[in-house]
Amino acid sequence: MNHSHKPAVRLNLPAYPFAELERRAAALKEAGKPVYNLSIGDPDLPPPGFVVEAARRALDEDRAHLYPSSRGDSDVRRAVAGWFEGRFGVQLDPDRQVCILIGAKEGLANIARAVVNPGDAVAVPDPAYPVYGRAGCRLVECQQVKVRLEPESGFLPNLDRIGGVKLMYLNYPNNPTGAEATDEFLAELGRFTDANPEMTVAYDMAYGEMCFNRPARSILEFTPNAVEFHSLSKMACATGYRVGFAVGEPDRISALVKVKEEIDSGAPLPFQRALSAMLDAYRDGVPPQDLIHYREIFNRRRELLVNALAKQGYDVFRSRATFYVWFKVGNDELPFISRALEKGVLFTPGSGFGPGGRGWVRASVTVPDDVVSATVSVIENLS
Ligand code: MLT
């Protein structure tokens, strides 16, 4: 006899959007159809050889088979602090202000456990990466305060409208829109953060190294009171390595470490070493050639797609960061997604990022060049 089991009420969430899209892609593949999956930011390019090699070498270390630590290896934390100073000119104490993560996603979810109580208000941008509103809010039984991001304001929030929240998620360069934070906005956010000591700003910079015009700046250049999240995933095309880090205000970092000590035993040492190798390859804040090359490839692919969409009359948000293309289809969002799917192309519906994404579609150019070209042909024949 099968026992049917009802999961906890807090799990009454619609399917995680990316998991659902993965399922649809798998079904198409199974049916023998070509699948061009532009629905997830999972880079097709391999990590730099020296990053892979660092992970491999670490398997031979005496300590590699033992539990790592929840806060992260001390040498790796030192590498993070060294990188941060070279890249942003901000000094961090590697023992108090750095925590290695099992990917930025883990840290973005666990920071909520570290700083909110059930019933607290959490500010979540709309549209946004779904983790903030789900793991960072619903799973910790908090009230979600949606902060609308509008194209007219460059998808930057109006901070004057935010009050009484315990935690605020922000993410620049932005997923899904590709928007970048201006220096003026970051200065204003710094002042807002300092004026609201009860609130934690969780600033997601997973795409911080994927800018095509000018390097992204850290919120910690503007205030010491925030917590910022970085990831090896997008910086080194290494999403499967599951390693990232949080940096910032020491009390929040130690609260995050405390949560992690209760739940996990830290990122595996070989992948921490891979992170360290990538960070150490920067020279005075300038990334290694491999990353410069990734940027060129992603930017070229973006341009191809942006031009094809613009030619068909779509309103494309002209961003200069991330490997996402964010474009407006109006009332046609779900029919557009379905028509593309019939031709084998998977895009992400904007509404998967919240009601603020309704009428928009996201394409991720983390697929090989020939898939981008095939997608361009599909777009030319879609209406
Ligand atoms: C995305 O497609 O938005 C991201 O790849 C998901 C993630 O980073 O977890």
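The values are calculated or read from the model by the stated rules, or taken from the named source; none is laboratory data. Because the structure is predicted, anything quoted here is derived from the model rather than measured. Cβ atoms come from the backbone with ideal geometry, glycine included; neighbour counts cover every protein chain shown. Heads up: the accessible areas ignore ligands, DNA and RNA and are worked out on the full protein's heavy atoms, side chains in. Shrake-Rupley method; radii C 1.70, N 1.55, O 1.52, S 1.80 Å.
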Worksheet, complete the sentence: Note on the chain: contact order normalised by length, alpha-carbon pairs under 8 Å, 6 or more apart, percent, works out to 24
Discussion item. Multiplying the sequence separation of Arg339 and Arg283 by 0.36 nm and subtracting their Cα-Cα distance, what value in nm do you get?
Written reply: 15.5 nm
Worksheet item: Roughly speaking, what is the stretch gain from Leu45 to Glu198, that is 0.36 nm per residue apart minus the C-alpha to C-alpha distance, in nm to one decimal?
Response: 50.9 nm
Worksheet entry | Tensor-based shape of region 108-192 (alpha-carbon gyration tensor, a/c under 1.5 rounded, otherwise prolate or oblate) | prolate
Discussion item. Using only the heavy atoms of the protein chains and a 1.4 Å probe, how would Tyr169, Tyr129 rank by accessible area, largest first?
Written reply: Tyr129, Tyr169
Worksheet item: Which of these, Arg63, Arg78, Arg134, has the largest mean-square fluctuation under a Gaussian network model of the chain (Cα springs below 10 Å)?
Response: Arg63
Item to complete: Express in % the proportion of alpha carbon pairs of region 49-280 at distances exceeding 34 Å.
Response: 11
Worksheet entry | Furthest towards positive pole of dipole, Ala104, Tyr132, Pro68, structure part the chain, Cβ charges | Tyr132
Practice prompt. Using the Karplus curve 6.51 cos²θ - 1.76 cosθ + 1.60 with θ = phi - 60°, work out ³J(HN,Hα) for each residue of region 274-287 in order, rounded to whole Hz, and write x for Gly and Pro.
Written response: 4, 4, 4, 4, 5, 5, 5, 7, 6, 10, 6, x, 9, x
Worksheet, complete the sentence: With label points set 7 Å from each Cα along the Cα-to-Cβ direction at Lys29 and Leu59, the distance between them in nm comes to 2.3
Worksheet item: For Glu188 and Lys258, what is the calculated FRET efficiency with R₀ set at 22 Å and r taken between the beta-carbons, to the nearest 0.05?
Response: 0.10
Practice prompt. Compute the longest continuous run of the chain that contains no exposed GluC sites (Glu not before Pro); treat a site as exposed when its DSSP state is not H, G, I, E or B and it has at most 16 other Cβ atoms within 10 Å.
Written response: 199-383
Practice prompt. Could you give the size of the charge dipole of the chain about its Cα centre, using +1 on the Cβ of each K and R and -1 on the Cβ of each D and E, expressed in debye and rounded to the nearest 20?
Written response: 860
Practice prompt. Work out the P(r) tail for region 45-94: percent of alpha carbon pairs separated by more than 19 Å, whole number.
Written response: 45
Discussion item. Given the C-alpha atoms of region 265-343, compute the convex hull and give its volume per residue in Å³.
Written reply: 180
Fill in: Average accessible surface area per residue within the chain, 1.4 Å rolling probe, Å²
43
Worksheet item: In sequence order, what are the phi-derived ³J(HN,Hα) couplings for region 38-49 according to the Karplus relation 6.51 cos²θ - 1.76 cosθ + 1.60 with θ = phi - 60°, rounded to whole Hz, with x for glycine and proline?
Response: 9, 9, 9, x, 10, x, 6, 6, x, x, x, x
Discussion item. Running a GNM on the chain with Cα contacts under 10 Å, which residue among Asp120, Asp42, Asp60 ends up with the highest mean-square fluctuation?
Written reply: Asp60
Worksheet item: Considering only protein heavy atoms and a 1.4 Å probe, what is the carbon-and-sulfur percentage of the accessible area of the chain?
Response: 49
Worksheet item: When the chain is fully extended, how far beyond the present Cα-Cα distance does Asp93 get from Tyr67, taking 0.36 nm per residue of separation?
Response: 7.0 nm
